[in-house]
1. From the list 251, 210, pick out the single residue that is modelled with pLDDT of 95 or more and surrounded by fewer than 24 Cβ atoms within 10 Å (Cβ to Cβ).
2. Of the residues that sit in segment 307-328 and are within 22 Å of the chain's Cα centre (by Cα) and closer than 23 Å to residue 267 by Cα, which one is surrounded by the fewest Cβ atoms within 10 Å (Cβ to Cβ)?
3. Here is a check on your reading of the model: is residue 202 within 16 Å of the ligand (Cβ to nearest atom), at pLDDT 95 or above and not in a loop (DSSP other than H, G, I, E, B)?
4. Could you list, in sequence order, the residues of segment 3-28 that are assigned to a helix (DSSP H, G or I) and away from the ligand (no atom under 16 Å from the Cβ)?
5. Filter segment 30-64 down to residues that are surrounded by fewer than 14 Cβ atoms within 10 Å (Cβ to Cβ) and more than 15 Å from the ligand (Cβ to nearest atom) and give me whichever is nearest to residue 315 (Cα to Cα).
6. Among strands (runs of 3 or more DSSP E) lying entirely in segment 65-174, which contain 1 or more residues that are at pLDDT 95 or above and more than 16 Å from the ligand (Cβ to nearest atom)?
Ligand SMILES: [Zn+2]
């Protein structure tokens with residue numbers, strides 16, 4: 001990797017993205033396919049992508065929406081439910097349709113109502129995944145509303161993740177979009193080929209006070225919810241360390257503006273247009289640009305047993321900051337994430 005006023009990275013992948021479907025997919029896909037060579041595509045459509053058959057048709061829809069000259073590869077995931085059939089899941093994995101399976105605790109976030117009500121019910125599925133070497137991706141929050149929203153990730157580790165990992169010691173797990181120091185410490189304490197975590201650009205950039213800076217900021221609202229500053233700092237530390245257990249996953253999740261600016265606004269931040277530039281800014285602020293290639297482009301493929309991409313992407317530092325327009329979708333818009341600092345880098 002070369003650094004001065006320009007920066008060259010191995011082409012990164014996005015290990016966690018929501019591409020939606022239909023018109024929204026057609027609009028957001030270009031931003032992901034421009035910055036990333038591959039992406040782990042989340043299955044929480046309505047209805048969710050549950051079977052190999054569902055995933056084949058969703059993957060076809062995504063490929064049809066790509067520009068003809070694009071070589072972007074969508075990596076598909078299965079949405080686990082209490083009724084997931086392990087035979088179909090593993091057959092889909094062995095055929096190369098599925099790259100991983102996603103566990104949403106029921107009710108944890110957008111379109112998670114059909115998620116898993118009790119992870120014990122899925123032990124046969126987890127055993128089959130473990131034997132096949134299929135990674136399990138976890139939205140790591142408990143859903144008990146008696147537990148404070150800011151404590152739900154921390155509690156998940158003790159109440160769900162640790163017992164699950166004790167029952168399935170060989171299962172490869174990605175603890176998705178971590179937001180707490182507890183999650184960072186927990187991942188650091190485990191074997192790098194068994195447990196890893198993705199970290200989003202927005203959780204590296206904002207803390208819970210930013211959600212309420214001068215008034216409520218619906219476009220920063222996401223789940224897991226951003227935490228105190230000490231947690232944000234722990235995330236930055238983990239990402240910038242180059243530790244192979246931490247890698248890039250944007251969790252870019254587009255919602256129409258009226259779904260965000262509402263009396264009950266949706267969770268999700270749309271950051272695909274500037275995710276890479278936000279990561280660059282964070283790593284630069286922390287004198288860690290030399291670790292960015294590992295975080296963005298090497299650690300993810302290594303965990304998933306894939307080769308890094310053999311292309312590069314170059315960035316240049318500008319004298320004036322970048323700005324980003326909202327994305328027009330039908331008669332509405334999707335607002336692009338605005339980090340609380342200027343973005344001076346742009347893709348060449
Ligand atoms: Zn997500």
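The values are calculated or read from the model by the stated rules, or taken from the named source; none is laboratory data. Quick caveat, the model's predicted, so the values are computed rather than measured. Because the Cβ atoms are built from the backbone with ideal geometry, glycine has one as well, and the counts that use them run over all protein chains shown.
1. Values: 251 fails: surrounded by fewer than 24 Cβ atoms within 10 Å (Cβ to Cβ).
Checking each option against the conditions leaves just 210.
2. Step by step, filter segment 307-328, then rank; the result is 326.
3. Against the criterion (within 16 Å of the ligand (Cβ to nearest atom), at pLDDT 95 or above and not in a loop (DSSP other than H, G, I, E, B)), residue 202 qualifies.
4. 22, 23, 26, 27
5. Applying the filter and picking the extreme gives 63.
6. The strands (runs of 3 or more DSSP E) meeting that bar are 73-79, 98-103.
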